[in-house]
């Protein structure tokens, strides 16, 4: 039910409005929340969940189903947006058939502060990100299936040459 009254009504303890047709814009700094970036360790653990899930060719939907969650929640875990609680991580480790310690392999102490004041991931980000991607995983699996060491070396040379051409 809409009221035609011009009386102000309370929207928050900081602002009042006189019309329902005006959108509420929080100009008061106390009402605006700063967007938090994911904790580097949460991102790392999430990337390890993703990497293992991809290794098993399991979809986010399938993992979510086994956990009683939506695939969007699994996505948030994998990005580090939402933290994974201890009991949930234990359940994930059982589903993905790895020990809980797998998700922390490569973490060397607390996150380091960068020169710009931002937190840095605890390990080489690019390696973890690459191995957590479907392309990285597919390339790694295919490469390790090449038995001839000379051929593997030629593949590495080819990839390095292609990468050099794109710089």
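Computed quantities for the displayed model
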{"quantity": "For the range 44-90, alpha-carbon Rg and Dmax in angstrom", "calculated": "9.5, 24"}
{"quantity": "Virtual spin-label span in nm between residue 152 and residue 57, 7 Å along Cα→Cβ", "calculated": "2.3 nm"}
{"quantity": "Point-to-point label distance, residue 70-residue 143, nm (Cα→Cβ direction, 7 Å offset)", "calculated": "3.7 nm"}
{"quantity": "Anisotropy class of the range 124-167 from Cα gyration tensor, a/c 1.5 cut", "calculated": "oblate"}
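Only the coordinates and a few stated rules stand behind these numbers; no lab work does. Only a predicted model underlies this, so the values are computations on that prediction, with no experimental measurement involved. Cβ atoms come from the backbone with ideal geometry, glycine included; neighbour counts cover every protein chain shown.
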